[in-house]
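Notes follow the structure.
The values are calculated or read from the model by the stated rules, or taken from the named source; none is laboratory data. This one's a predicted model, so the numbers in the text were calculated from it and none came from an experiment. Neighbour counts run over all protein chains shown; Cβ positions are idealised from the backbone, glycine included.
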Amino acid sequence: MWWLNKAVGLVVKVLLLPFTGINPWGGMIFISFLTAVLMLFIYKKTSNQNGIKEVKNLIKGYLLEIRLFQNDFGTFLAGLKKLLSVNVRYLGYNLKPLLVMIVPIFLLLAQMNLWFGYRSPQPGETLLVKVKFNQTVEVGQLHAEVEAPEGVTVDSPPVRIIDENEADWRLRIIDQTGGQLVIRTGSERYAKDMSLSRRQLAKLSAIRVNQNVWKQLLNPGEKPLPGETEIKQIELVYPEARLKFLGLKIHWLVAYFLLSVIAGFSLKGLFKVEI
Amino acid sequence: MAKEKEDNSLSRRRFLELMLATSAGLAFFPQGASLTTRGGRDTARKVLVLGFDGLDPVLTSDLMKANRLPSFRKLASSGSFLPLGSSIPPQSPVAWANFITGTDPGGHAIFDFVHRDPKAYMPVFSASESLPGKHDICLGNLILPLSGGKINNLRRGRAFWQILEDNDIPATVFKIPSNYPPVESKQKTFSGMGTPDIKGYYGLFNFYTNEYKTITEEYGGGGRVHDVYVIGHRVESRIPGPNNPFKKGNPETYVDFKVFIDPVYPAAKIAYQDQEFILKEKEWSGWKKIKFDFIPGQRVSGLCLFYLKEARPKFKLYVSPINIDPAAPAMPLSTPDNYSKELARKFGPFFTKGLPADTAALENEVLDENEFLAQDELVYKESVAILEDELKNFRSGLLFYYFSNTDQRQHMFYRFLDKNHPAYDEKLAAEFAPVIPRTYEEMDKVLQMCLEKVDRQTAIIVMSDHGFNPFRWGFNLNTWLLQTGYHYLLPGSRPEEVTLFQRTDWSRTKAYGVGLNALYLNLKGRESQGIVAPSEREALTRRLANQLEQLIDPKTGEKIILKAYIGRDVYHGPYVDLAPDIILGFNRNYRISWNSPLGSFPRELIEDNRQKWSGDHMSSPTVIPGSLISSLPVKLSDPTLQDVTAGLLSLFGIKIPPEVTGRPIF
């Protein structure tokens, strides 16, 4: 799983690299546009274009029938039944491309969250590092330490939450150098990427997870923790990022959805795709 | 889960609820239309006014002589330094209203912190009133308002920045007291003293502890103790928010929170909504947002500070009064509306509550002196940061900027300057006696920054609304009225147990005291159960004033009341009829007691004030004038607050309107 995440991550990184120095909207617009093109391509290749064209025509025809014969209740009902039936066919035609698209989209969204979901904390700001342990570890008795990367200080003693098998620390940013954060428990050392950046668009991995596949899919920023460790995950609670537009603060997912839909519908004629 | 302590004084709680609960409910009702422009004329002269609340001229002079206020000295040497005549009475809302309108209380209708409703004989806040919407629909437990509620500023008269606006002269007025909600204007204004917290109180903190503790819920503020249990190193409780106007009975809203305490280290994690943060013992959190939900889609946002006083052996967590969030104000804070949002964007969260430092928490020993000062230092730093920015953008017209630190710290730390104060503590004085002089030095640094940043065309005026004096003894006005036969209680009453005149026999009572300096006659035709005929009014008022001025404290041999002012004699303007009949001008060291202003009758006529609130300014204005330091020479030898207003207008070449009674100081 890590290799897949790494490969997709590399592609996204290459795509977004030219946009790291400018407003995040640049990268967002570009990647939304590319996604739209990619999805149109997949849709065209995996869907029954003729079938879609046919059912769309049928839908138009039955809509006309319903409108024309709205005073003839029998014909109206029959038209409605046929309309529902072709709608089901239409949905059926969309199922296959949807299933094909869902995999790359899911991988892409998880990667985009690393770029657009969080912002690098500024000097003077604090953030939490939360370490979740396996049930076998007695957190109350645990002697764990955090080694912060350059430009970051450990600003509090640990707060060990026994009920949740968790230990948290507060980190303070001195400068945005960043590096590797290390959790030490006895002789074991667990590293966590703590990239910090002055750039407006930067990749930030909030969570390093264990070998659980689903968690790896959702948190693809780092190589998973080795198996059989006492730690389940290490999380840095970065501040959430928002895209600013006319005084509004927009979640990146909303912006991405809207932009890719707009781009998709704008380009479907150009790529001769029947949606 | 926390179990909240019940307040025994139900009548007082009920009274507070009745008066204040509606305020927060106005949160979502649409307010007046936003105004986004202001006077735009470029003026040859600019005027910067720094309002240091309670800056005492005697102390200022002493510190200037000791060369501890070099910027004050520099300013005074180029212009003037004079005592500034304060209002009758010299309470901040009254005094600042004098300055705002250039008139005395007869022209602006603010006579005291507290007025009274002559129908119910109940105290009411003088500065603003909250009116709920007139029409709503009830759907089961749900109330859907059809019209918006309203918050009214009860100050009358035109503000000087409105007069400037009439003449197209731009002004920015930051946190001037007696301007909540801010009066309609195209100028940039931000409300100050009088601005409530999100619950509609003047500041209600919350204190979570597993130690037995009682605190006083004061008039319009104070705090609440929440008994909590530490179970498995975890504490769970809730933070109370505004009352919910969308539900029947307006129940209080709340936000649940959890505290996880480390088993060994003195630190804890606090988690609520989307917030989680670690606090070490004796550490402040910085501003945290908190949102209170009413119904889906309707919520209000507030700001609070957390302070982990102790993690163990006893758990003690302080949560500050919840300030209105300037980024999403639930109640009007500024003109234009977006000024508060603009400041929030630039500076992040900041104090919006009128009197920001939590004096009630210090009074109740929830915060100690150092903790209180740490909080007030945050107020100071925020104020300086915003002022610095305003100075950068100050290109024309007038900038007024207010600092509360001088007032708040003198109220709480005067006991360390006064060895004869009943609350003087030699050990603590060794540490805290320098606080007040140091505060003056901080104000000097503010002035220094201003002197460095303004150009030569800028006139600078430093002013205060009043001075300060020790509050050693409290006078129980209503007890005196009872003893002298001007006030009667119903048979069988125990005077010391009465609050809010609940046992008063109005059919025999001729006078009563409400507020901090005010005495009212029970006048026929004005009070609902009045018995004093209008024909008797004059003679009775003068007799009472005379008797009050003769009162001697047997302990000290000093007069308690230096001057009993008769309202109709000292006030001028259209609102004189609303004035108290007599305004008590206390002698130095004296003030109204803690309980008398709310219709109580304590046993002693004169009480020692052993509270931390130890400095005050309810004396005769002749005892505690304010300060006036100006870069321009002042031509009057006895300037008053109203004269400064007239002076400001004259500096811009504006003809003084007839309602401004002050004489121009320049």
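I'd like to check something: does the stretch B:599-613 contain any residue that is within 22 Å of the chain's Cα centre (by Cα) and outside any loop (DSSP other than H, G, I, E, B)? No, the stretch B:599-613 contains no residue that is within 22 Å of the chain's Cα centre (by Cα) and outside any loop (DSSP other than H, G, I, E, B).
Could you go through the stretch B:482-493 and let me know if any residue there is modelled with pLDDT of 95 or more, more than 24 Å from B:Ile583 (Cβ to Cβ) and touching a Pro at 6+ places or on another chain (Cβ under 7 Å). Yes, the conditions are met somewhere in the stretch B:482-493. Within the stretch A:253-269, the set of residues being closer than 10 Å to A:Val37 by Cα and of a type in the set (A, V, I, L, M) comprises A:Ala263, A:Leu267. Exactly one residue out of A:Lys44, A:Lys56, A:Lys13 is surrounded by 12 or more Cβ atoms within 10 Å (Cβ to Cβ), charged (D, E, K, R) and under 30 Å from A:Gly221 (Cα atoms): that is A:Lys13. Among the criteria (1) surrounded by fewer than 21 Cβ atoms within 10 Å (Cβ to Cβ); (2) of a type in the set (Lys, Arg); (3) in the same structural domain as B:Pro170 (by TED's automatic domain parsing), the one B:Lys288 does not fulfil is (3).
Residues in the stretch A:168-185: is at least one without any contact (Cβ under 8 Å) to a residue 12 or more places away in the chain and either at positive phi or surrounded by 13 or more Cβ atoms within 10 Å (Cβ to Cβ) (or both)? Checking the stretch A:168-185: not a single residue is without any contact (Cβ under 8 Å) to a residue 12 or more places away in the chain and either at positive phi or surrounded by 13 or more Cβ atoms within 10 Å (Cβ to Cβ) (or both).
Per the listing B:Gln298, B:Gln273, the residue uniquely at pLDDT below 95 and more than 12 Å from chain A (Cβ to nearest Cβ) is B:Gln298. Residues in the stretch B:225-267 that are among the small types (Gly, Ala, Ser) and within 14 Å of chain A (Cβ to nearest Cβ): how many? Number of matching residues: 2.
Candidates are the residues of the stretch B:362-393 that are within 24 Å of B:Gly302 (Cβ to Cβ) and modelled with pLDDT under 95; the one that is surrounded by the fewest Cβ atoms within 10 Å (Cβ to Cβ) is B:Glu363. Being away from chain A (no Cβ under 14 Å) and either surrounded by fewer than 17 Cβ atoms within 10 Å (Cβ to Cβ) or not in a helix (DSSP H, G or I) (or both) is the requirement here; does B:Asp293 meet it? Yes.
Scanning the stretch B:125-154 for residues that are at pLDDT 90 or above and surrounded by 16 or more Cβ atoms within 10 Å (Cβ to Cβ) yields B:Phe125, B:Ser126, B:Ala127, B:Ser128, B:Ile151, B:Asn153, B:Leu154.
Of A:Val131, A:Val55, all but one fail to be out of contact with any Leu (no Cβ under 7 Å at 6 or more places or on another chain) and at pLDDT 95 or above; the exception is A:Val131. Each residue in the stretch A:74-131 was checked for being aromatic (Phe, Trp, Tyr) and either within 14 Å of another protein chain (Cβ to nearest Cβ) or exposed (fewer than 14 other Cβ atoms within 10 Å of the Cβ) (or both), and 2 of them qualify. For the stretch B:142-182, name all the residues that are among the polar types (S, T, N, Q), part of a loop (DSSP other than H, G, I, E, B) and in the same structural domain as B:Leu399 (by TED's automatic domain parsing). Answer for the stretch B:142-182, where residues must be among the polar types (S, T, N, Q), part of a loop (DSSP other than H, G, I, E, B) and in the same structural domain as B:Leu399 (by TED's automatic domain parsing): B:Asn167, B:Ser178, B:Asn179. A search for C-beta distances below 6 Å between a residue of the stretch B:527-545 that is among the hydroxyl-bearing types (Ser, Thr, Tyr) and any residue that is surrounded by 12 or more Cβ atoms within 10 Å (Cβ to Cβ), counting only pairs 6+ apart in sequence or on different chains, returns B:Thr541/B:Ile566; B:Thr541/B:Asp581.
State yes or no: is A:Leu201 closer than 21 Å to A:Gly9 by Cβ, more than 14 Å from every other protein chain (Cβ to nearest Cβ) and touching a strand residue (DSSP E or B) at 6+ places or on another chain (Cβ under 9 Å)? No.
Within this structure, A:Glu164 fails the test of being assigned to a loop (DSSP other than H, G, I, E, B) and closer than 30 Å to A:Ile59 by Cα. For the condition within 14 Å of chain B (Cβ to nearest Cβ), closer than 28 Å to A:Met1 by Cα, crowded, with 17+ Cβ neighbours inside 10 Å and out of contact with any helix residue (DSSP H, G or I) (no Cβ under 9 Å at 6 or more places or on another chain), A:Tyr238 qualifies. All of (1) buried (at least 16 other Cβ atoms within 10 Å of the Cβ); (2) closer than 30 Å to A:Ala263 by Cα hold for A:Gly61 with one exception: (1). Listed by first and then second residue, the pairs with beta-carbon distance under 7 Å, at least 6 apart or on different chains, first residue in the stretch B:642-666 and surrounded by fewer than 19 Cβ atoms within 10 Å (Cβ to Cβ), second among the β-branched types (Val, Ile, Thr) and part of a loop (DSSP other than H, G, I, E, B), are B:Ser650/B:Ile656; B:Glu659/B:Thr103. Entry remark, the stretch A:139-167: residues being more than 9 Å from chain B (Cβ to nearest Cβ), more than 12 Å from A:Thr185 (Cα to Cα) and of a type outside the set (A, V, I, L, M) number 5 in total. Evaluating A:Asn134 against the criteria (1) in contact with an Asp or Glu (Cβ under 8 Å, 6 or more places away or on another chain); (2) surrounded by fewer than 16 Cβ atoms within 10 Å (Cβ to Cβ); (3) within 16 Å of B:Tyr265 (Cβ to Cβ) leaves one unmet condition, (3).
Can you list the strands (runs of 3 or more DSSP E) lying wholly within the stretch A:225-275 that have 1 or more residues being touching a Phe, Trp or Tyr at 6+ places or on another chain (Cβ under 8 Å)? Correct list: A:231-236, A:243-245. Filtered by the rule that a residue be more than 22 Å from B:Tyr571 (Cα to Cα) and assigned to a loop (DSSP other than H, G, I, E, B), the stretch B:500-529 gives B:Leu500, B:Phe501, B:Gln502, B:Arg503, B:Asp505, B:Trp506, B:Ser507, B:Arg508, B:Thr509, B:Lys510, B:Ser528, B:Gln529. Being within 14 Å of chain B (Cβ to nearest Cβ) and part of a strand (DSSP E or B) holds for only one residue in A:Arg208, A:Arg170, A:Arg184, and it is A:Arg170.
As an exercise: evaluate B:Tyr212 against (1) crowded, with 17+ Cβ neighbours inside 10 Å; (2) assigned to a loop (DSSP other than H, G, I, E, B) and give the number of the one condition it does not meet. Checking B:Tyr212 against (1) crowded, with 17+ Cβ neighbours inside 10 Å; (2) assigned to a loop (DSSP other than H, G, I, E, B), the one that fails is (1). When B:Arg38, B:Arg45 are checked against the criterion of being under 29 Å from the mean Cα position of the chain (by Cα) and at pLDDT below 95, B:Arg38 stands alone in meeting it.
Confirm whether B:Asn210 is among the polar types (S, T, N, Q), farther than 24 Å from B:Thr359 by Cα and away from every other protein chain (no Cβ under 14 Å). Here the answer is no, as B:Asn210 does not meet what is asked. Considering (1) surrounded by 23 or more Cβ atoms within 10 Å (Cβ to Cβ); (2) aliphatic (A, V, I, L, M); (3) not assigned by TED's automatic domain parsing to the domain that holds B:Gly85, the lone condition that B:Ile531 does not fulfil carries the number (1).
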